[in-house]
1. What helices (runs of 4 or more DSSP H) lie completely within the stretch 78-185 and have 1 or more residues being touching a Gly at 6+ places or on another chain (Cβ under 8 Å), open to solvent by 20 Å² or more (accessible area, probe 1.4 Å) and within 14 Å of Leu21 (Cα to Cα)?
2. So Phe71 ticks every box in (1) within 16 Å of Val27 (Cβ to Cβ); (2) touching a strand residue (DSSP E or B) at 6+ places or on another chain (Cβ under 9 Å); (3) modelled with pLDDT under 95; (4) not basic (Lys, Arg) but one. Which box is left unticked?
3. Being out of contact with any helix residue (DSSP H, G or I) (no Cβ under 7 Å at 6 or more places or on another chain) and of a type outside the set (Val, Ile, Thr) is the requirement here; does Ser47 meet it?
4. Quick check on my filter: what residues within the stretch 186-217 are under 19 Å from the mean Cα position of the chain (by Cα) and open to solvent by 80 Å² or more (accessible area, probe 1.4 Å)?
5. Take the stretch 85-125 and flag every residue that is more than 21 Å from the chain's Cα centre (by Cα) and aromatic (Phe, Trp, Tyr).
6. Just one of Leu259, Leu293, Leu266, Leu270 is surrounded by fewer than 16 Cβ atoms within 10 Å (Cβ to Cβ), within 15 Å of His224 (Cα to Cα) and modelled with pLDDT of 85 or more; which is it?
7. Please find, within the stretch 60-77, the residue that is least open to solvent (accessible area, probe 1.4 Å) out of those that are assigned to a loop (DSSP other than H, G, I, E, B) and touching a residue at least 60 places away in the same chain (Cβ under 8 Å).
8. Can you tell me which residue in the stretch 41-59 is modelled with the lowest pLDDT, limited to those that are charged (D, E, K, R) and open to solvent by 20 Å² or more (accessible area, probe 1.4 Å)?
Amino acid sequence: RRCAARMLKLHPKSSTPPGLLYPFSCVGGPNNQYRQLLEAALAAKASGRALVLPPFVKWNRDQSSRYAYNFSSTFDAAALSRFVPTVPVRGFRFSDIGAVVSAGHNPSAGLFRTLCFAAEARCDGTALKARVVYAATSAQRCKAQPRGTAFVRCLLTPWNRHSAVGYAGWQKLAPYWGGLLTPVTRQLYASLRRAPHLVGAARVLVAALFPQLPGTGRPLLCVHLRRVEDSQRCRAPGPGPPQVSCHPGSPRFASTARLAAAISQLRALLGDADVYLARAAVGGPFSREGDELRRLVPRLRAPSPREIAAALGGGHGWGGGEYTPP
């Protein structure tokens, strides 16, 4: 009841109380969870629901003792609420979820429990009763709708009767919204801002690594390059788009020169940006890639964790790490 009353305030023009939408992520690495958050936020906006701000579950390689991090420790909730109405997860009841809409990702019962536990909610059998339904069942009925808000609203209409739904989206930005860069998706990207304390930490890092940058007005392009990872090897030997997980010799290998060209293109679009490259410190065929990218891309820095610790005066816990901070 409290949620319904709050939602009426968020949508004063609605004739009926709008519902809630909870992002059901696959709980992979942080990037996967953030990507699915984007899809859920768009689905909430299209369907007129408020987005429940979920916690993020730590990556399986994260050695920290914390299992989950609340939304506001990562992103600025106030900024996102300018794109779609939001409500905090505290007090949210998983038992209110009437259905979990699968749009590219099919959540399991185990995932229900993981997300419920991360949200510090009741995780008994009653909380896990929602059935999985499929957005694809509405695709034929909605095919005449233009891709974007109208199409996604049409897809989700069959579940309007539920006060709360889960949304498990994966790789549906382009097929559902007509592209990765549309007026609506651009609004979302602009509203998904890091938490204020992270912005402050980033300013300290930029000032330490790029002392010549503050005051110039030049932008900084941050590139996170993950070349090799156990769970993301080059999966398909045949033709297809290049992948950074493919090794030299594979038909789908993304060469260092190709990466440099893409980074240079982004630099130009941003207006002659400086570049910070966060990359895995791996051996083998990529052990010298950072040096090669520095040679090919002007004003690119790819500091090691030890270099970062030295620039910040030490004491930040990055001296022996495998990755530079993204």
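1. 149-156
2. Result: Phe71 fails condition (3) only.
3. Considered against the rule, which asks whether it is out of contact with any helix residue (DSSP H, G or I) (no Cβ under 7 Å at 6 or more places or on another chain) and of a type outside the set (Val, Ile, Thr), Ser47 comes out as no.
4. Arg186, Gln187, Arg193, Arg194, Pro196, His197
5. Correct list: Phe92, Phe94.
6. After ruling out the rest, the residue left standing is Leu266.
7. Taking the candidates together, the pick is Thr74.
8. Lys58
The values are calculated or read from the model by the stated rules, or taken from the named source; none is laboratory data. Owing to the predicted nature of the structure, the values given are computational and were not obtained by experimental measurement. In this analysis, Cβ positions are derived from the backbone assuming ideal geometry, glycine residues included, and neighbour counts consider all displayed protein chains. Ligands, DNA and RNA are excluded from the accessible area calculation, which covers all protein heavy atoms including side chains. Shrake-Rupley method; radii C 1.70, N 1.55, O 1.52, S 1.80 Å.
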